[in-house]
1. For residue B:20, are the conditions met, namely being out of contact with any strand residue (DSSP E or B) (no Cβ under 9 Å at 6 or more places or on another chain) and not in a helix (DSSP H, G or I)?
2. Hey, could you check segment A:534-552 for residues that are modelled with pLDDT of 75 or more and surrounded by fewer than 19 Cβ atoms within 10 Å (Cβ to Cβ) and say which is farthest from residue A:287 (Cα to Cα)?
3. Quickly run through segment A:121-134 and pick out the residues that are at pLDDT 85 or above and crowded, with 23+ Cβ neighbours inside 10 Å.
4. Take the residues in segment B:44-59 that are away from every other protein chain (no Cβ under 12 Å) and surrounded by 15 or more Cβ atoms within 10 Å (Cβ to Cβ); name whichever of them is farthest from residue B:80 (Cα to Cα).
5. Looking at segment A:509-526, which of the residues that are at the interface with chain B (Cβ under 7 Å from one of its Cβ atoms) and under 28 Å from residue A:422 (Cβ atoms) is surrounded by the most Cβ atoms within 10 Å (Cβ to Cβ)?
6. Quick check on my filter: what residues within segment B:21-43 are more than 12 Å from every other protein chain (Cβ to nearest Cβ) and surrounded by fewer than 16 Cβ atoms within 10 Å (Cβ to Cβ)?
7. Within segment A:161-183, is even one residue closer than 28 Å to residue A:481 by Cβ and surrounded by fewer than 16 Cβ atoms within 10 Å (Cβ to Cβ)?
8. Would you check if there is a residue in segment B:69-86 being assigned by the TED database to the domain that holds residue B:19, within 30 Å of residue A:549 (Cβ to Cβ) and crowded, with 16+ Cβ neighbours inside 10 Å?
């Protein structure tokens, strides 16, 4: 049913798009200068003409109530239509789970693009082509920023040597191998390709050699392989941009010049260093600027995400100004600013950034693939069996040989060697994508008369890699039993022990006099802590050790989960400290201890939660102010909460089966049952309590079984729940009543305030209600 | 094994060390020259002061414990063999070693032995358990002085609670191993000793 409706809507959209899109597309002629399908904003002119006309005529026409003026909004309208269609397509694929499990999304999107392009052509119009400028300035940056901002720094730096080898040496090898061999093929008399000179072949080879981050991301996202392989292939696809840029410009320049001297080659090498390092430096500068700016945003939380996005985009554009590697600048910017920005911004901004980046990169990704399909239909093609076939063949062979050769060398230096399975996946995962297409598209026709042939060849390669390799990589991964990504969260044990091992290894390296990986990492960390953090992180956070930040982040996450699902009656602190208090028997007396005073933030949190909970019966309208955001733990709505509570209750029942509760002597089975099924907050849910009106359960005790089981929900994967230390004899239970809830709060408030000690936060003192999310890279 | 007046390394010593620890010839000679340069007293053995003279070790939060790990129970001097034996734990794990000698017992740089070494650094009183206090000590060393005792205590409690499966409020070696099963210990605890 859903699917049918969806198909209807999308059909309508596509229809309108065909009509409009076709009308706007400029003819993508062969080697003439291709003008982008840009519609000038000359909307004022037609309007003027119209009014002129009106004045000229006699004033017989009545005032137009409704008029059609499409030209005015043509460009934004069409862009929006394309984006909408792309997103609906994406939606549609996920409605067909069977299809999306076999075919990766990128393939489906290309097919859709082909269909749309075909439709447009059928109608008689010329379909629009993926313009390089649009691609490089609007579609690519979000994807790269998303990748760079969430780059796993630890794995990346640990494998940096390997990644660089693959990116630089591998790409160079690919470029020259493919280019050289293609030239050889072109020299064959039978091929009719005599006019393709060496430089063109080399240029084509260099464009073709680069593994494409967009395609890699699109495919690898879905197969969930282990992090090492993911970071190797993905890192390679990011870093080889510098090589591609240099080679591209190099060969383009050379094609103008007639002779190539050794100086030129040397300059090429220098150029490579400048391009890559320059790109990184530019990115790092903007990253530091962004981090520094975020230090002062504590009063204007709403625009925090904006700084992240704009600074990164500026980094990309600035790098492009100097023909440096924009991708590397973007990656450097994102990676540098992340730890500091995340320590400064609010939790909401963090979520905003995450979701905006994901959204934009997803839309970009979808549009790119659809446009690839459309451009295939549109573009002028020159099919030459030999050339295209040779390209494809050499491309694959070069990749395989390159990976094998490089791994042989790299394994001599690696601690954890790359197995042949790993090598296979790395070679197989070298997908080509839209970047290669756009680069070929940018070639000028004067120097490269066989541009169409190049286009055709590259589209063939892209299609092959994306379709064949993309579709088969998933079953191959399963077949070869490659290690998959492990989904579990990082525990605090891992965190502590990892840091411990870091210190240990640094010490051992110092004893051996060996300045290795750990030594430099330690030095960098020390420098970071001493100078950089003080500048870039606001307030107290700058002194917070990594471990504490991690711990806080974990606690906060669980607290938020608890508040959202548990109805907030149990405060966030109840969970962790109840755990620690109830499990460690000899420490039980510690709960009687007087607490240090609460920080203002905690008090505010308590007050807020109490307030919203107690006054739930009356709908509260928060006054809306564009400049501030109010945290609202009840954003989800009452119904959902009821459902969650019910789920929790069921979970409680399950968990309680494991409890070995030393039942007080006066207990009867009915009491035990009543205890299990009671829940004062849930009203309207039938419970066994109604049958036993004479039994009362005292819920005011901090060690009541309910708070116990609440925490059990979060320890599902963990150890067995410990015994409940119920020693209050005579459990009594009252019939649930509305007052009960309020009553619960006041006696609960005290012990819960005591339990707050676990969250005593040396963080920023005066904070607004936004929860600060301590971040750990 | 006894103290030698001459501090030169003999071939048979090198062979023995090679067999015991698995280091290559060149690695052993290189490490011997390092040992020699640390040994200011020229008596063929290192004392605690020799280690403490290394500047970076002084600022390492775990410096003292690491130094202690080199010295066997109750002794104040460590000779070259003991030095190498400790360092052997940090040799990278090689796949082909598994096939070599099944009868000679587990090599020093196996995953289990690496973890045991790390475990012993926590467990000072050698009772095969990391108690809450021992954990607190390590945390205090790593975290510095700014954090309050209660906070550290709750972190320690949380850590023990996460790892503890048999309910004895401390972390035994098997629990320690289990917690770190997802961490790539073979890589994290290995140093690339250049040839």
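1. No, not satisfied.
2. A:534
3. Selection gives nothing.
4. Restricting to residues being away from every other protein chain (no Cβ under 12 Å) and surrounded by 15 or more Cβ atoms within 10 Å (Cβ to Cβ), the top hit is B:48.
5. Selected residue: A:509.
6. Within segment B:21-43, B:24, B:25, B:26, B:29, B:40, B:41, B:42, B:43 qualify.
7. Kept after step one, since they are closer than 28 Å to residue A:481 by Cβ, are these residues of segment A:161-183: A:161-163, A:165-167, A:170.
The next check asks that each one be surrounded by fewer than 16 Cβ atoms within 10 Å (Cβ to Cβ); those that pass are A:161.
Within segment A:161-183, one or more residues are closer than 28 Å to residue A:481 by Cβ and surrounded by fewer than 16 Cβ atoms within 10 Å (Cβ to Cβ).
8. Scanning segment B:69-86 turns up at least one residue that is assigned by the TED database to the domain that holds residue B:19, within 30 Å of residue A:549 (Cβ to Cβ) and crowded, with 16+ Cβ neighbours inside 10 Å.
The values are calculated or read from the model by the stated rules, or taken from the named source; none is laboratory data. Everything quoted here is computed from the prediction, not taken from an experiment. Reconstructed Cβ throughout: ideal geometry from the backbone, glycine too, with neighbour counts over all protein chains shown.
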